Amino acid sequence: MGKIKVGVIGIGNCFAGLAQGIEYYKRDPKREVVGIMHDKIGGYSIHDIEFVCGFDVAENKVGKPLAEAVYAEPNEVKWVDSVSNCSGIVHESPVLDGIGIYMQNRIVPVKSTKSEGQLRMEAIEEIKGTGARILLNYLPVGSQKATEFWAGVALDAGCAFVNNMPVFIASTPAWAKRFADKKLPVIGDDIKSQLGSTIVHRVMAKLCVDRGVEIDKTYQINVGGNTDFINMLERERLESKKISKTEAVQSQLKERLPDDRIYVGPSDFIPFLGNRKLAFIRVEGKMFADVPFDLEMRLNVDDKANSGGTTIEAIRCCQLALDRGLGGEINSASAYLMKHPPRQMGDSEARDAVNDFIEGKRKD
Ligand SMILES: NC(=O)c1ccc[n+]([C@@H]2O[C@H](COP(=O)([O-])OP(=O)(O)OC[C@H]3O[C@@H](n4cnc5c(N)ncnc54)[C@H](O)[C@@H]3O)[C@@H](O)[C@H]2O)c1
C-alpha cells in the first residue's frame with residue numbers, strides 16, 4: 001500500500017485545518033479519529049495522505065515551505081504548532097479571478113513576471129516531479145477562471161481532481177468527460193461539511209418529507225468571520241455557491257419550492273467569529289388539517305474542522321478510483337461528500353452507494 005500524494009491549490013484556512021488535523025492524530029495514535037466516516041478506505045488510513053506540493057498567489061506563502069505556509073496570515077487555524085505531512089515549496093499560481101474586491105487589502109499577490117502559459121508549464125513540471133496524483137482545489141468562491149485553469153493543469157499533468165469549492169467541474173458533463181477520456185477520476189463539487197448547515201438543512205427537509213408534512217418556505221442564513229466569508233460579501237462571486245447550497249436542499253424535497261420561498265446562502269461577515277460559523281435554519285409548513293408549524297435550528301461550528309474530515313474521505317475515495325483505473329465523475333463519493341455532485345442522492349442512499357463503491361460493488 002503506497003502513500004496518497006496530493007497537490008493543493010489555495011493554501012488557506014481549509015487546507016491549514018486539513019493538514020493540522022491529520023497531524024493532531026499522528027501525535028497521539030491511540031486517540032480515536034473523530035470526524036471521518038471510515039477508518040480505512042481501500043486500505044488507506046488518514047496517515048497515508050501526504051501533501052507534496054502547493055500553489056498560491058500570496059507573497060507571504062509563495063516560495064515558503066508548504067509546512068510553513070499553512071501558518072501564514074490570514075490563515076487562522078492553530079491546532080498544532082507544526083505539520084510533518086507537508087513537503088516542498090509553495091509555487092506561484094496565476095491570480096486570474098482568485099482575489100475578489102474585499103480580499104485585495106488582505107492578500108498581496110507576488111509581483112509576477114511570468115505569463116499564464118509559463119506558470120502552467122512550471123506547475124505541470126512541479127506536479128510530475130513530486131509525484132502528486134491528486135490535485136485538491138481550495139480556491140476562493142468565485143474563482144471560475146482559476147479553477148478551470150487548475151482543472152486543465154490536472155488533466156495535462158495526469159492528476160485526479162477533488163474540487164472542494166463551488167465552481168462546477170465534476171458536475172459539468174463536458175469537464176467530467178475530459179477527465180473520463182484521460183481515465184482520471186474527478187470528485188466534486190463544493191465540499192459538504194461533516195455537520196454543516198447543508199447536511200443539517202437537508203436532514204430537516206427530508207424529515208418533513210418523510211413524515212408527510214408540507215414545507216411552505218425555508219431559509220438558511222450563515223455568518224462567519226474568516227476570509228471565505230469576507231470574500232462572499234461580493235455578491236457577484238456568489239452565484240454558483242448559492243446554486244450549490246440551494247440545490248443541495250431542493251433536491252431533498254418532494255416538490256421544488258418556488259425561488260421566492262427558499263433562501264439559502266452565506267449572508268454576512270462578523271469579524272470576531274473567526275473560523276466559527278453560525279447557521280440559522282428555519283422551516284415553515286403545514287401538517288394535518290393544514291395546521292401550521294415552524295421549526296428553527298441554530299448551529300455553531302468551526303468551519304475548518306467541519307470540512308477536514310469529509311475531505312479526507314474524498315481524497316481516499318479518489319485514490320481508490322485511481323488504483324482501480326477509473327476515470328470521470330465518481331458519483332457515489334461526490335453525492336455523499338459534496339454539495340453539488342453530478343447526481344444528487346438522499347444522504348442515506350449516498351452513504352450506501354459510497355460503501356458499495358469502497359467494497360468494489362459499484363464502479364462509480
Ligand atoms: N467548511 C468549509 O470551510 C467549506 C465548505 C465548503 C466549501 N469551502 C470552500 O473551500 C474554499 C477554500 O476555503 P478557505 O477557507 O480555505 O479559503 P481561504 O480564503 O482561507 O483560502 C483561499 C486561498 O486561496 C489563495 N488564492 C487566491 N487566489 C488564488 C489563485 N488564483 N491561485 C492559487 N491560490 C489562490 C489565497 O491566497 C488563499 O491562501 C472556498 O471556496 C470555500 O468556500 C469551504
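The values are calculated or read from the model by the stated rules, or taken from the named source; none is laboratory data. Computed from a predicted model, the values in this text were never measured in an experiment. Ideal geometry is used to build each Cβ from the backbone, glycine not excepted, and the neighbour counts take in all protein chains shown.
If the condition is being in contact with a Phe, Trp or Tyr (Cβ under 8 Å, 6 or more places away or on another chain) and at pLDDT below 95, then the range 346-362 contributes only D347. You will find that of I36, I9, the residue that is within 16 Å of the ligand (Cβ to nearest atom), farther than 17 Å from D302 by Cβ, touching a helix residue (DSSP H, G or I) at 6+ places or on another chain (Cβ under 8 Å) and not aromatic (F, W, Y) is I9 and no other. Does C53 satisfy the criteria of being touching a Gly at 6+ places or on another chain (Cβ under 8 Å) and within 18 Å of S87 (Cβ to Cβ)? In short, yes. Residues in the range 294-353 that are part of a loop (DSSP other than H, G, I, E, B), under 26 Å from R282 (Cα atoms) and touching a Pro at 6+ places or on another chain (Cβ under 9 Å): K339, H340.
When K192, K241 are screened for being touching a Lys or Arg at 6+ places or on another chain (Cβ under 6 Å), touching a residue at least 12 places away in the same chain (Cβ under 8 Å), closer than 23 Å to M345 by Cα and near the ligand (Cβ under 10 Å from one of its atoms), only K192 passes. Name the residues in the range 12-29 that are more than 9 Å from the ligand (Cβ to nearest atom) and assigned to a loop (DSSP other than H, G, I, E, B), would you? The answer is R27, D28, P29.
Is there a residue in the range 80-89 that is touching a residue at least 12 places away in the same chain (Cβ under 8 Å), farther than 15 Å from I11 by Cβ, in contact with a helix residue (DSSP H, G or I) (Cβ under 6 Å, 6 or more places away or on another chain) and more than 9 Å from the ligand (Cβ to nearest atom)? Yes, the range 80-89 contains at least one residue that is touching a residue at least 12 places away in the same chain (Cβ under 8 Å), farther than 15 Å from I11 by Cβ, in contact with a helix residue (DSSP H, G or I) (Cβ under 6 Å, 6 or more places away or on another chain) and more than 9 Å from the ligand (Cβ to nearest atom). Scanning the range 30-62 for residues that are closer than 24 Å to D228 by Cβ and assigned to a loop (DSSP other than H, G, I, E, B) gives V34, G35, I36, M37, V57, E59, N60, K61, V62.
No other residue among K3, K26, K78, K30 is touching a strand residue (DSSP E or B) at 6+ places or on another chain (Cβ under 9 Å), more than 24 Å from L238 (Cα to Cα) and of a type in the set (K, R) apart from K3.
Among the residues making up the range 308-349, those that are more than 27 Å from V70 (Cα to Cα) and of a type in the set (D, E, K, R) are D323, R324, E329, R343, D347, E349. The lone criterion from (1) within 28 Å of P74 (Cα to Cα); (2) surrounded by fewer than 18 Cβ atoms within 10 Å (Cβ to Cβ) left unmet by F269 is number (2).
Number of residues in the range 138-182 that are part of a loop (DSSP other than H, G, I, E, B) and over 15 Å from L326 (Cβ atoms) equals 14. Only a single criterion out of (1) part of a strand (DSSP E or B); (2) within 24 Å of Q104 (Cβ to Cβ); (3) charged (D, E, K, R) is not satisfied by E73, namely (1).
Do we find that M204 is in contact with a Phe, Trp or Tyr (Cβ under 7 Å, 6 or more places away or on another chain) and either within 16 Å of the ligand (Cβ to nearest atom) or in the same structural domain as Q250 (by TED's automatic domain parsing) (or both) in this structure? No: the conditions fail for M204. Condition (residue is away from the ligand (no atom under 15 Å from the Cβ), in contact with a helix residue (DSSP H, G or I) (Cβ under 9 Å, 6 or more places away or on another chain), in contact (Cβ under 8 Å) with a residue 12 or more places away in the chain and polar (S, T, N, Q)) applied to the range 123-138: is it met by at least one residue? Looking for residues that are away from the ligand (no atom under 15 Å from the Cβ), in contact with a helix residue (DSSP H, G or I) (Cβ under 9 Å, 6 or more places away or on another chain), in contact (Cβ under 8 Å) with a residue 12 or more places away in the chain and polar (S, T, N, Q), one finds none in the range 123-138, hence no.
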